[in-house]
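Every number in this text was worked out from the coordinates using simple rules, so none of it is lab data. Treat the numbers as computed from the prediction; the structure is a model and nothing was measured. In this analysis, Cβ positions are derived from the backbone assuming ideal geometry, glycine residues included, and neighbour counts consider all displayed protein chains.
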Ligand SMILES: Cc1ncc(COP(=O)(O)O)c(C=O)c1O
């Protein structure tokens, strides 16, 4: 009789009632071709599955966990907070306390509005841009990910209105007729496009660092040009910093100032929340002051805002928090570089604690370089790492995140495990 693991049993049941047994495609491990992993608990850098296997995880709640999971002070305070009830359906004091902390870092904005997800926050930012400008058209950039928003789900390179191709089933051509996707970092195309259509554009949405696309960065010149042209044509410039805000430094990942910043992940410490930030004049276009509708049963949820408030305060209380996190990441990148003796094509891109791990003859610096990825070697490496209890994002273009609990001791353990598997692979 073959023994079926608890994880497999859960998957068998889950896949009958949940599509693919999961609630987000990345959790299906489709590229790797293994059964999804169901997690029973998380502490520090570790995840534990239902077969009691421990993994040192670099998923870190897709970046929302920055201190490590179950950080003792956060858990203790949360327990006390939960005794005060879960959700009131009215406002709570942590909504403004967290907003104050956020605005201390984003001091060029005046106000905050919370949402429950990055997707919803980006939708809100774009609706606000349309309400402010009275225009409809939107520019995004190839390789940028802003969540599952119908009218942003278009194929890269649709540089003309009317020629866009949906990148998802269920998105009609009508829905995307006002969106174009321009090449990232191409100042010439951007300038030409805006010289033609600038007065019709409501918003330009851009990730200063593409966190679902191997951490390719916008050049400073590109961001400066975006700022200059947005101002020239009265377009609302939106920076999507859902993944980068409070990840790289206490606040934004760039000095360039957009009209609206969209943030998320770290500000909820693992609970669902995101937010848009902008100046008072713009924010008050929204209800209840203005006429642009936005609402949500759970927006500004007491537990999310409470936890975010705890986490940001803890970050502030630790001297050189981001420097330390970066040093931990450099220790990790050294480990990866040492594997090159056996795995010459292993590569890592990193920005502070965010990294993408991949195999290629060429360092990925632009979207074109992504075509060169060696996916098969990644899959072989991934499976062996997993067997050793090291868990990475299950796709080479997805970002991994170190958290504060990935200390020297943990990283030495990771080094040992990865060295062992690189000896086995030895390409
Ligand atoms: C830059 C960026 N924008 C938007 C989103 C969507 O956020 P959510 O999944 O919370 O809707 C993500 C998610 O990873 C993201 O990285």
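As a footprinting exposure proxy, order 309, 88, 46 by other Cβ within 10 Å, with the fewest listed first. Show your work: numbers first, answer last.
Details: 309 23, 88 10, 46 18.
Lowest count first: 88, 46, 309.
Using Cβ counts within 10 Å as a stand-in for footprinting exposure, how do 19, 285, 242 rank, fewest first?
Details: 19 10, 285 16, 242 29.
Ranking 19, 285, 242 by Cβ neighbours within 10 Å, fewest first, gives 19, 285, 242.
When you count, for each residue, the other Cβ atoms within 10 Å and take the mean per peptide, how do 310-317, 57-64 rank with the highest first? Display every interim value, and only then the final one.
Values: 310-317: 18.1, 57-64: 23.8.
Those peptides, ordered most packed to least, come out 57-64, 310-317.
When only C-alpha pairs under 8 Å and at least 6 residues apart count, what is the relative contact order of the chain, in percent? Could you put the intermediate results ahead of the total?
Numbers: 787 pairs, mean separation 87.6, N = 427.
Relative contact order for the chain comes out at 21 percent.
Step by step: find N for the range 290-367, compute 2.2 N^0.38 Å, then divide the Cα radius of gyration by it. What's the final number? Mind dumping the intermediate values first?
On the way: Rg = 19.8 Å, N = 78, 2.2 N^0.38 = 11.5 Å.
So the range 290-367 has a normalised radius of gyration of 1.72.
Just to confirm my numbers, what's the Cα centroid distance between the range 136-167 and the range 392-427 in Å?
Here the two parts' Cα centres lie 34 Å apart.
Any chance you could get the radius of gyration and Dmax over the Cα atoms of the range 301-427, in Å?
16.4, 52
Once the mean 1/r over all distinct Cα pairs of the range 378-427 is inverted, what Kirkwood radius in angstroms do you read off? Spell out each step's value before the answer.
Numbers: mean 1/r = 0.0858 Å⁻¹.
Answer for the range 378-427: a Kirkwood hydrodynamic radius of 11.7 Å.
What number, in percent, do you get for the relative contact order of the range 310-407 if the mean sequence gap of Cα pairs under 8 Å and at least 6 apart is divided by its residue count? Walk me through the numbers before you get to the answer.
Working: 96 pairs, mean separation 24.3, N = 98.
About 25 percent, as a whole number.
Kindly rank 235-241, 390-396, 413-419 from highest to lowest mean number of other beta carbons found within 10 Å of each residue.
On the way: 235-241: 26.7, 390-396: 21.1, 413-419: 17.1.
Taking the mean over residues of other Cβ atoms within 10 Å, the ranking is 235-241, 390-396, 413-419.
Taking every DSSP beta bridge with both residues inside the chain, roughly what % is antiparallel (nearest 5)?
On the way: 29 of 48 bridges.
In the chain, DSSP labels about 60 percent of beta bridges as antiparallel.
Once Rh is set to the Kirkwood radius over Cα pairs, what Stokes-Einstein translational diffusion coefficient, in µm²/s, holds for the range 72-316 at a temperature of 25 °C and a viscosity of 0.890 mPa s? Walk me through the intermediate numbers first.
On the way: Rh = 18.5 Å.
For these conditions, the coefficient is 133 µm²/s.
Show log10 I(q)/I(0) for the chain at q = 0.14 Å⁻¹, two decimals, from a solvent-free Debye sum over equal Cα scatterers.
-1.41
Taking Rh as the Kirkwood radius computed over C-alpha pairs, what is the Stokes-Einstein D of the range 339-378 at 20 °C in a medium of viscosity 1.002 mPa s, expressed in µm² per second?
The estimated diffusion coefficient comes to 202 µm²/s.
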